[in-house]
Amino acid sequence: MSRINLDNSEELMIGNEKFVLFLSEEEIQNRVKQLGEQITKEYEDKVPVFIGLLNGSFLFMADLIKHIALDCEIDFMRLSSYGDAKISSGKVTMVKDLNCNITGRDVIVVEDIVDTGLSISYIEKLMEHHNPSSVKIASLLLKPDSLKYDVKIDYIGFKIPDKFVVGYGLDYAQKFRNLRSIYVLSENGVL
Ligand code: IMP
């Protein structure tokens, strides 16, 4: 059994790799609140459907909709996983489809992190087939330097450098999603 410190510790060792605190619980919660308030204003007369991409977005989705002061609905989709390592496989397939009808609806896709943009470009194409009234993308994190696909992210929590991060839903080999803060892999002690 292995214990981890959930309380904003400055460092986290995963095997022999060192991760350092990057975004604290407080910074994340403040930004998520701002995004929720912005979306509430922009969807004032609508009943949006939030579609979370599993597994990574589950905490962001849960916290975000607590700041949506509107009638809204939620659903989840799951694409094939990123793999059990730090490198994307470059392939995407759908593992779990929507359970609701989004035709004519205002959809907000909720993602944990946009890296190359492959997952989001795949989702955008899928959405088109259902003829929603509108589709916007909310991502807690965006790595602008990693983008390889032409995607527009409408609501961005934080733009981050092209480094591997874990915590607050983001995993390393399926673990550490339960961390309340986000940690970045420190290469030779340098961020
Ligand atoms: P994309 O399709 O290349 O944009 O990758 C998006 C997906 O890759 C995210 O939903 C994550 O699951 C995963 N991912 C990308 N970067 C990281 C990271 O730094 N840590 C953990 N997962 C990541």
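The values are calculated or read from the model by the stated rules, or taken from the named source; none is laboratory data. Being a predicted model, the structure only gives us computed values, none of them experimental. A quick note on method: Cβ atoms are made from the backbone with ideal geometry, for glycine too, and the neighbour counts reach across all protein chains shown. These area figures cover heavy atoms from the full protein model, side chains too; ligands, DNA and RNA do not enter into them. Shrake-Rupley method; radii C 1.70, N 1.55, O 1.52, S 1.80 Å.
Looking at (1) open to solvent by less than 60 Å² (accessible area, probe 1.4 Å); (2) part of a loop (DSSP other than H, G, I, E, B); (3) touching a residue at least 60 places away in the same chain (Cβ under 8 Å), find the lone condition where residue 110 falls short.
So the condition that residue 110 fails would be (2).
Going by the structure shown, is residue 4 touching a residue at least 60 places away in the same chain (Cβ under 8 Å), hydrophobic (A, V, I, L, M, F, W, C), surrounded by 18 or more Cβ atoms within 10 Å (Cβ to Cβ) and outside any strand (DSSP E or B)?
no
Which one of 112, 63, 106 is within 16 Å of the ligand (Cβ to nearest atom), closer than 14 Å to residue 155 by Cβ and charged (D, E, K, R)? Even if it seems obvious, please write down each step before you answer.
On the way: 63 fails: within 16 Å of the ligand (Cβ to nearest atom); 106 fails: within 16 Å of the ligand (Cβ to nearest atom).
Only one candidate qualifies: 112.
Quick one: would you say residue 44 is free of Cβ contacts under 8 Å to residues at least 12 places away in the same chain and out of contact with any helix residue (DSSP H, G or I) (no Cβ under 8 Å at 6 or more places or on another chain)?
No; evaluated as a whole, the condition is false for this residue.
Picking from 172, 155, which residue would you name as being over 30 Å from residue 15 (Cα atoms) and not small (Gly, Ala, Ser)?
From the options 172, 155, the qualifying one is 155.
Across segment 137-155, what is the number of residues that are buried (at least 17 other Cβ atoms within 10 Å of the Cβ) and of a type outside the set (Ser, Thr, Tyr)?
9
Condition first: of a type outside the set (Lys, Arg), open to solvent by 50 Å² or more (accessible area, probe 1.4 Å) and more than 16 Å from the chain's Cα centre (by Cα). Now tell me which residues in segment 45-60 satisfy that.
Within segment 45-60, 45, 47 meet the criteria.
Restricting attention to segment 21-57, and to residues there that are part of a helix (DSSP H, G or I) and among the β-branched types (Val, Ile, Thr), which single residue is nearest to the ligand (Cβ to nearest atom)?
28
Take the residues of segment 153-170 that are more than 11 Å from residue 113 (Cα to Cα) and in contact with a Lys or Arg (Cβ under 6 Å, 6 or more places away or on another chain): which is nearest to the ligand (Cβ to nearest atom)?
Within segment 153-170, the match that is nearest to the ligand (Cβ to nearest atom) is 162.
State which residue is least open to solvent (accessible area, probe 1.4 Å) when the search covers only segment 78-107 and only residues that are modelled with pLDDT of 95 or more and part of a loop (DSSP other than H, G, I, E, B).
Looking at the filtered set, the residue picked out is 102.
Looking at segment 142-152, is at least one residue out of contact with any strand residue (DSSP E or B) (no Cβ under 7 Å at 6 or more places or on another chain), more than 10 Å from the ligand (Cβ to nearest atom) and under 24 Å from residue 18 (Cα atoms)?
yes
Name the residues in segment 159-191 that are under 19 Å from residue 55 (Cα atoms) and open to solvent by 20 Å² or more (accessible area, probe 1.4 Å), would you?
Of everything in segment 159-191, those that are under 19 Å from residue 55 (Cα atoms) and open to solvent by 20 Å² or more (accessible area, probe 1.4 Å) turn out to be 164, 171, 172, 173, 174, 175, 176, 177, 178, 180.
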